[in-house]
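What follows is a set of notes on a single structure, which appears directly below.
The values are calculated or read from the model by the stated rules, or taken from the named source; none is laboratory data. Here the structure is a predicted model, which means the values were calculated and not measured. We place every Cβ from the backbone using ideal geometry, glycine too, and count neighbours over all the protein chains shown. For accessibility, only protein heavy atoms count, side chains too; no ligands or nucleic acids. Shrake-Rupley method; radii C 1.70, N 1.55, O 1.52, S 1.80 Å.
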Amino acid sequence: MKHIIFDCDGVLIDTEIVAAEVSVDWLNSEKVNISVEEFILQHTGKTFSNIINQLKAEGYLKASLKTEAIVPLLDDQIKARVRPILGISDLLDRISSSKSVVSNSAAGYVVEALEKIGVSHHFENRVFSAEMVALAKPSPLVYQLAMDTIQVPKEEIIVVEDSYTGVQAALAAGLTTIGFLGGSHIQPGHGEKLKQLGVFDVAHSHEELAMKLIKYIGR
């Protein structure tokens, strides 16, 4: 039976839009002129550390800003507003295959979010975070860590990712990937971009995703 790896933000929990709103509010306060739509297009799937450091390197943020102090503040604001993506509990209940989470977010944040929305028991501590490896997505390192740990051949794994960055990471690890388009942050045309990257299918909701997973791997 196949193993399913889910991204967290934008696939299990609907935080990408919240993260964008929180981040844009803070960036605007630091005199960075960016909209929520622009943030989603440019930065969805990246870590806060990478985003802040990139903007510092490009001169949009002061070099003196302490990234390690800002990230926990943004994380706390987002955690307070965590909500599941519609249909995720039903999907996880319907699919009996073993499951993992691979995320660019901090492991503690992911575990807490999964507990908050009541789905942590589906993953049995198989939570893999970019903080566990040297490079975050789009590097495939966190996916390679997951494969090494769960000891499932890559041919038996299906990944569900929503972001350009996440899809790049999964494909670079040699994994079959479905693009998920059910998050509230998804912009028109995103599915076509993911198809061009190389996802083998897309799903617009968890109901549609469940039907496709059942078709591909059985229950």
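Computed values, structure above
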quantity	calculated
Carbon + sulfur, % of accessible area of the stretch 106-201 - ligands and nucleic acids excluded, 1.4 Å	50 percent
Segment L41-E156, length gained on full extension (0.36 nm per residue, minus Cα span)	38.3 nm
Net charge of Cβ neighbours under 13 Å - reference V160; Lys, Arg +1; Asp, Glu -1	-3
Rg over Rh [alpha-carbon atoms, Kirkwood Rh] for the stretch 34-107	1.08
Tilt relative to the chain, helix 48-57 - C-alpha long axis, 0 to 90 degrees, to 10	40 degrees
Whole-Hz ³J(HN,Hα) from phi, Karplus 6.51 cos²θ - 1.76 cosθ + 1.60, for the stretch 34-46, glycine and proline x	8, 9, 4, 4, 5, 4, 4, 5, 8, 10, 4, x, 8
Charge context of E112, other residues only, Cβ under 15 angstrom, K/R +1, D/E -1	-1
Relative contact order computed over the chain (Cα-Cα under 8 Å; 6+ residues apart), in percent	27 percent
Nearest 10 degrees, 0 to 90: helix 67-79 Cα axis against the chain principal axis	60 degrees
Structure-based [θ]222 nm, the chain - -39500 (n - 2.57) summed over DSSP H runs of at least 4, per residue, nearest 500	-13500 deg cm²/dmol
In sequence order, calculated HN-Hα J values of the stretch 15-23 (Karplus, 6.51, -1.76, 1.60; Hz; x Gly/Pro)	9, 4, 5, 5, 4, 5, 5, 5, 5
Rounded to the nearest 20 debye, dipole of the stretch 1-154 from Cβ charges on Lys, Arg, Asp, Glu	300 debye
Share of Cα-Cα pairs in the stretch 3-133 lying beyond 25 Å, as whole percent	28 percent
Loop GluC sites (Glu not before Pro), the stretch 105-196, which have at most 16 other Cβ atoms in a 10 Å radius of their Cβ (DSSP)	E124
Cα principal axis extents for the chain, largest first, Å	51, 34, 32
Rough spin-label spacing in nm, given labels placed 7 Å along Cα→Cβ, for R81 and N125	3.4 nm
Cβ-placed point charges (K, R +1; D, E -1), dipole of the stretch 156-219 about Cα centre in debye, nearest 20	100 debye
Dipole magnitude (debye, nearest 20) for the stretch 85-219, charges at Cβ of Lys, Arg, Asp, Glu	200 debye
With Cα atoms, 0 to 90° folded angle of helix 206-217 axis to the chain main axis	50 degrees
Spin-label pair S89/V71, simplified geometry with 7 Å Cα→Cβ offset, distance in nm	3.2 nm
Intensity falloff of the stretch 74-145 expressed as log10 I(q)/I(0), Debye formula with alpha-carbon point scatterers, at q = 0.13, 0.19, 0.25, 0.26 Å⁻¹	-0.41, -0.84, -1.19, -1.22
Neighbour net charge for A173 - beta-carbon separation under 15 angstrom, K R +1, D E -1	-3
